[in-house]
Amino acid sequence: MKIRILTYVFLVNVLSASFIFSGFTSNNLLTQKKQFKKKSYPENPIEGRIVFENKGCINCHAINGEGGKSAPDLGKNIFFGSEYDLISQMWNHSPVMLNQMKLKNIDHQKLTAKEFLSLRLFLYDLRYLGTAGNSENGKKLFVQMSCNNCHSVGKTNAGKIKLDEMGKYASPVYLAQVMWNHAIKMQKMQKASNIKVPIFKDDDFADLSSYIKSASTNKNENKIYLEPGNPKIGEKIFSSKGCFYCHNEKHIGPDLTKVNMNKSVNEIAGMMWNHSTEMEPLMQKYKIPMPAFKGNDMANLISYLYFNNKADISGSETIGSKLIQNKGCLNCHSEGNNYKAAILTKVGPFRSEDVFFSELWNHLPAMEKNLYSKGKELPKLLPSDIKSLYLYFNRKNR
Ligand code: HEC
Ligand code: HEC
Ligand code: HEC
Ligand code: HEC
């Protein structure tokens with residue numbers, strides 16, 4: 001059985017970010033400091049989709065309905081908020097997973113560190129990309145939000161501003177960007193005509209954009225795909241457009257790493273719009289020009305907000321050293337064991353977290369077998385446990 005995931009238009013050319021902790025193998029403190037928390041931008045998360053298929057995850061797991069049905073759909077509401085989440089989930093669910101593999105006669109597939117990284121970035125990206133939008137719902141929103149008071153799409157309507165031009169833009173972020181640029185003018189007019197300034201939530205942007213596309217007379221011309229965003233460029237925009245000034249330097253707005261951005265690109269676009277109403281008077285007060293966005297600016301900015309918001313997982317090497325006792329790791333991994341298991345106090349350092357994650361995944365069947373034969377269960381590991389273990393194996397004084 002081989003099921004293909006259908007097109008992920010968005011995924012092509014997506015650049016995403018991850019925090020890679022490295023440099024522990026070096027004794028040079030300076031290099032360590034430099035490399036610690038260095039953000040890395042893998043070339044293309046679509047590689048992760050290929051890993052997902054080639055390693056057979058797709059035989060059991062679907063992504064948004066495409067794929068196997070015997071295991072949870074990994075595109076549904078699962079947010080792998082930190083780099084430690086995926087391995088923690090895979091580890092904790094492995095007894096059931098391995099059992100199903102046995103029943104279905106599917107081999108447990110080993111993963112290299114590079115494959116593990118691709119896989120987790122791919123899954124992490126799914127949350128960000130969100131859904132394609134529902135044009136039926138968008139049609140209703142167009143009326144509910146009073147857009148139709150001032151705009152028309154499809155049919156020409158005297159005195160109304162046509163939105164048909166928008167039909168050629170494939171991404172909802174473009175709608176958000178254009179609306180943002182017109183926000184002040186539009187909101188003034190809305191207030192003057194006693195029309196409530198609409199509040200965006202959930203996938204409203206995606207739905208509206210989908211409706212405008214479907215009703216537009218201009219939908220078949222060369223479609224313009226806005227790239228989903230490059231967080232590295234977004235970081236620069238965050239500084240140059242005054243966001244950093246208010247949110248980090250002067251603390252006029254909240255620290256955005258503390259605001260929940262476990263949301264899709266469409267939802268964050270909605271947050272940005274909602275915030276434009278509150279921002280305008282403040283911008284006047286602090287004499288900051290209202291930033292205008294062009295090209296990929298908004299997409300880059302939003303991807304920065306998303307990727308910069310990765311959950312911060314706590315952990316320490318001291319906790320790690322306790323965990324290898326409390327979790328029963330040393331039962332197998334001590335001097336003179338019968339399991340051919342490495343002596344854990346001597347294991348490491350690992351070149352990167354993904355090397356560690358892939359080692360954990362790869363050795364699961366051997367561990368499972370040994371535990372099972374003794375009627376024992378695999379200890380559960382939280383994301384913070386995995387981080388502490390990693391820090392312990394990469395400790396400086398060994
Ligand atoms: C033979 C079928 C099978 C294969 C192959 C498989 N899984 Fe699973 N997986 C399962 C089942 C069944 C569960 C649910 C386990 C449970 O309920 O504890 C699961 C659970 C998970 C979970 C936790 C999901 C949740 O909702 O909590 C993750 C993450 C996961 N698998 C990732 C993967 C990845 C990545 C691969 C490929 C490297 C993979 N799985 C391959 C059957 C499979
Ligand atoms: C009270 C009137 C009013 C309402 C209600 C309104 N708009 Fe506008 N909108 C305008 C005006 C005026 C402009 C042009 C502003 C300018 O020229 O700077 C505009 C511009 C736009 C543009 C840019 C068009 C272009 O081709 O550049 C888009 C897209 C847009 N509106 C979408 C919407 C959507 C979606 C809604 C509903 C959520 C909405 N508008 C509600 C008055 C309104
Ligand atoms: C003049 C100061 C100021 C500037 C400049 C500014 N913000 Fe804000 N921002 C605020 C304030 C105050 C709030 C809280 C009020 C609110 O929720 O709208 C806020 C809220 C937000 C929120 C919503 C947070 C939440 O809890 O929902 C986001 C997202 C945001 N800002 C992003 C940005 C981005 C991106 C930029 C740059 C384009 C920016 N801000 C520029 C002052 C500012
Ligand atoms: C039931 C015995 C058993 C338990 C309990 C156990 N392991 Fe293992 N572990 C093994 C075996 C056997 C191997 C070698 C597997 C192989 O060769 O595929 C191994 C390999 C490993 C490796 C790869 C070693 C290397 O050389 O890179 C790591 C890391 C590891 N285990 C960590 C842990 C941690 C952390 C725990 C506790 C949460 C744990 N193990 C608990 C039996 C066990």
Legend entry - Value at 222 nm in deg cm²/dmol, rounded to 500, when DSSP H runs of n ≥ 4 in the chain each add -39,500 (n - 2.57): -14500 deg cm²/dmol
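Given a cut-off of under 8 Å on Cα pairs at least six residues apart, what relative contact order in percent is computed for the chain? Mind dumping the intermediate values first?
Numbers: 614 pairs, mean separation 85.4, N = 398.
Computed over the chain, the figure is 21 percent.
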Legend entry - Average accessible surface area per residue within the chain, 1.4 Å rolling probe, Å²: 53 Å²
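Given a 1.4 Å probe and every protein chain left where it sits, what share in percent of the accessible area of the chain is carbon and sulfur?
Values: 11370 of 21020 Å².
Of the solvent-accessible surface of the chain, carbon and sulfur hold 54 percent.
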Legend entry - Within straight-line cross-link reach of Lys387, lysines at Cα separation under 16 Å, skipping those fewer than 8 residues along the same chain: Lys37, Lys310, Lys322, Lys327, Lys396
Inset, instruction - Return, for the Cα atoms of the stretch 135-307, the radius of gyration and Dmax in Å, separated by a comma. - result: 16.2, 48
Inset, instruction - Could you quote the convex hull projected area for the stretch 263-398, Cα atoms only and averaged over all directions, in nm²? - result: 13.3 nm²
Inset, instruction - Using only Cα atoms, find the angle between the long axis of helix 317-326 and the longest principal axis of the chain, and express it within 0 to 90 degrees, rounded to the nearest 10. - result: 60 degrees
Inset, instruction - For the chain, give the share of DSSP beta bridges that are antiparallel, in percent and rounded to the nearest 5; count only bridges with both residues there. - result: 60 percent
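Among the listed pairs Lys162/Lys213; Lys55/Lys102; Lys76/Lys104; Lys232/Lys258; Lys185/Lys285, which are separated by more than 22 Å between their Cα atoms?
Cα-Cα > 22 Å for Lys76/Lys104; rest within.
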Inset, instruction - Return, for the Cα atoms of the chain, the radius of gyration and Dmax in Å, separated by a comma. - result: 24.7, 87
Legend entry - On Cα atoms only, tilt of 135-144 relative to the major axis of the chain in degrees: 50 degrees
Inset, instruction - Determine which aspartates and glutamates satisfy two conditions relative to Lys140: a Cα distance under 14 Å, and not lying fewer than 8 residues away in the same chain. - result: Asp203, Asp204, Asp207
Inset, instruction - Note the angle between two axes, namely the Cα long axis of helix 231-240 and the longest principal axis of the Cα atoms of the chain, as a number of degrees from 0 to 90, rounded to the nearest 10. - result: 50 degrees
Legend entry - Percent RCO, i.e. relative contact order, over the stretch 266-352, from Cα pairs under 8 Å lying at least 6 residues apart: 13 percent
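The values are calculated or read from the model by the stated rules, or taken from the named source; none is laboratory data. As the structure is a computational prediction, the values presented were derived from the model and not from experiment. When the accessible area is computed, the model is the full protein with side chains, heavy atoms only, and any ligands, DNA or RNA have been set aside. Shrake-Rupley method; radii C 1.70, N 1.55, O 1.52, S 1.80 Å.
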